[in-house]
Amino acid sequence: MHSNSVNPLLIDTPFTEWQFEGLPSYRVEQIREWIFEKGILAFKDMTNLPGGLRQELGQKYDLTPMETAWEQGSADTTQKFLWKLRDEQFIESVLIPATEGTKGVRASRLTLCVSTQVGCALGCKFCASGLDGLKRNLTTGEIVGQVILARRKAGKRIDNLVFMGMGEPLANLPALIPALDIILDAKGLGIGARHITLSTSGLVPKILELAKYPAQIRLAISLHGGNDQTREKIMPINKRYPINELLDACEKFIEARKKMITLEYILIKGVNDDLNQANLLAKHALRLNAKVNLIPYNKVEGLGWERPEISRIKAFKSQVERKKGTRVTLRMEKGHDIEAACGQLRLRETVKKINC
Ligand code: SAH
Ligand code: SF4
């Protein structure tokens with residue numbers, strides 16, 4: 001699959017399954033520490049291993065899943081990374097700092113938005129990731145590698161992960177589940193399940209499959225329409241799994257292990273921003289006891305969709321809140337800069353290539 005390299009990528013295999021011929025277990029443990037605790041992705045830098053071993057391992061395995069193609073931002077703002085994979089495909093991750101907590105005990109936290117596929121097969125009409133279809137799934141090491149590399153760039157631990165970058169996480173469960181195991185493991189990246197959110201466009205059978213996963217990870221559903229007629233206009237997946245089936249699957253997911261669900265709703269001018277949709281959204285949220293995240297649409301170059309006026313956005317939010325018990329947050333760019341996390345960086349890279 002990777003044209004540039006003949007070696008297997010070591011972190012595609014969970015460290016619990018590593019087999020290095022004849023290597024004592026304390027050496028394997030040293031390698032694990034270098035990679036997962038220190039974020040070192042080159043055998044030559046593992047200074048407590050004998051030189052000969054470093055060379056031998058370096059000839060057998062690749063350690064770096066990708067290199068930085070482009071980056072923007074600094075430690076106290078949103079940082080965007082465009083990564084070039086070993087087969088010269090591009091993916092992106094976004095690092096978002098935010099202050100969390102209540103008065104007095106406020107702490108600065110880092111959230112990383114992670115990609116799971118190169119492109120996406122689901123073709124939501126508003127989204128940059130799906131414009132060119134699916135190129136391929138990411139491997140386990142390419143998913144985990146985004147966290148290791150972004151953590152190294154940030155110089156501090158990453159508190160939260162959201163799988164809201166490029167691709168549909170639930171369409172890549174065979175690579176994602178082992179990646180989650182590594183991310184959750186205290187000897188891996190040690191990020192707690194409640195700090196991990198997967199976002200899905202609503203692949204019903206996969207939601208049911210994920211419900212069986214033992215950890216209490218969170219799920220965000222990209223609803224974007226209160227009824228089938230509206231949702232279908234922008235999300236072709238709704239023809240396969242209409243809203244009622246989706247909500248039934250969500251109920252089962254929540255029941256399975258008291259897992260939490262958020263409903264995401266991007267607001268697109270004249271498409272899904274009428275107050276009737278707000279009423280339906282409130283009804284669905286109350287049924288699932290789910291939080292609602294309203295996200296004003298980020299314009300994608302080449303697509304005709306627009307963000308509603310701010311007054312319309314506020315009216316929509318108030319309408320949802322009119323139903324007693326709803327919990328709604330409105331995310332403008334600051335705080336959760338999704339703009340770069342939805343295939344838009346890669347799109348820019350592709351456009352540049354075409355123009356050159
Ligand atoms: N495939 C998954 C996760 C990746 S997309 C999903 O669809 O949920 C992450 C979120 O970004 C989704 O809610 C998606 O609808 C939203 N999104 C995509 N393009 C966007 C844009 N241009 N502006 C705002 N949100 C967008
Ligand atoms: Fe794929 Fe999600 Fe974009 Fe839809 S919104 S095309 S599912 S990445």
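The values are calculated or read from the model by the stated rules, or taken from the named source; none is laboratory data. Remember, predicted model here, so these are calculated numbers, not experimental data. A quick note on method: Cβ atoms are made from the backbone with ideal geometry, for glycine too, and the neighbour counts reach across all protein chains shown. For accessibility, only protein heavy atoms count, side chains too; no ligands or nucleic acids. Shrake-Rupley method; radii C 1.70, N 1.55, O 1.52, S 1.80 Å.
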Task: Residue that is farthest from GLY123 (Cα to Cα), among those in the stretch 239-265 that are open to solvent by 20 Å² or more (accessible area, probe 1.4 Å) and aliphatic (A, V, I, L, M) - done: ALA256
TODO: Taking the options ILE221, ILE191, name whichever one is modelled with pLDDT of 95 or more and within 15 Å of ligand 1 (Cβ to nearest atom).
DONE: ILE221
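Residues checked against (1) over 24 Å from GLY119 (Cβ atoms); (2) open to solvent by 70 Å² or more (accessible area, probe 1.4 Å); (3) of a type in the set (A, V, I, L, M):
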| residue | (1), (2), (3) |
| --- | --- |
| ILE35 | yes, no, yes |
| GLY39 | yes, no, no |
| ALA42 | yes, no, yes |
| MET46 | yes, no, yes |
| LEU53 | yes, no, yes |
| ASP62 | no, no, no |
| GLU67 | no, yes, no |
| ASP76 | yes, yes, no |
| GLU88 | no, yes, no |
TODO: Sort out for me the strands (runs of 3 or more DSSP E) sitting completely within the stretch 238-356 that have 3 or more residues that are modelled with pLDDT of 95 or more and within 16 Å of ligand 2 (Cβ to nearest atom).
DONE: 261-267
Task: Subset tally (residues that are assigned to a helix (DSSP H, G or I) and touching a residue at least 60 places away in the same chain (Cβ under 8 Å)) for the stretch 223-237 - done: 3
TODO: State all residues of the stretch 119-135 that are of a type in the set (Gly, Ala, Ser) and more than 8 Å from ligand 1 (Cβ to nearest atom); if no residue qualifies, say none.
DONE: GLY119, ALA121, GLY123, GLY130, GLY133
Open item on the list: For the stretch 30-50, give me each residue that is touching a helix residue (DSSP H, G or I) at 6+ places or on another chain (Cβ under 9 Å) and outside any loop (DSSP other than H, G, I, E, B).
Closed with: ILE31, ARG32, TRP34, ILE35, PHE36, PHE43, LYS44, ASP45
Task: Identity of the residue in the stretch 218-237, farther than 18 Å from ASN276 by Cβ and touching a Lys or Arg at 6+ places or on another chain (Cβ under 7 Å), that ends up farthest from ligand 2 (Cβ to nearest atom) - done: ARG218
Open item on the list: Looking for something more than 16 Å from ligand 1 (Cβ to nearest atom), part of a strand (DSSP E or B), assigned by TED's automatic domain parsing to the domain that holds ASN272 and among the charged types (D, E, K, R) - is there at least one such residue anywhere in the stretch 80-87?
Closed with: yes
Open item on the list: Can you report the number of residues in the stretch 191-206 which are in contact with a Leu (Cβ under 8 Å, 6 or more places away or on another chain) and away from ligand 2 (no atom under 14 Å from the Cβ)?
Closed with: 5
TODO: Spot the failing condition for ASP62; the list is (1) under 23 Å from GLY190 (Cβ atoms); (2) more than 20 Å from the chain's Cα centre (by Cα), and only one is missed.
DONE: (1)
Task: Residue under evaluation ASP228, criteria (1) surrounded by 17 or more Cβ atoms within 10 Å (Cβ to Cβ); (2) farther than 27 Å from THR16 by Cβ, criterion not met - done: (1)
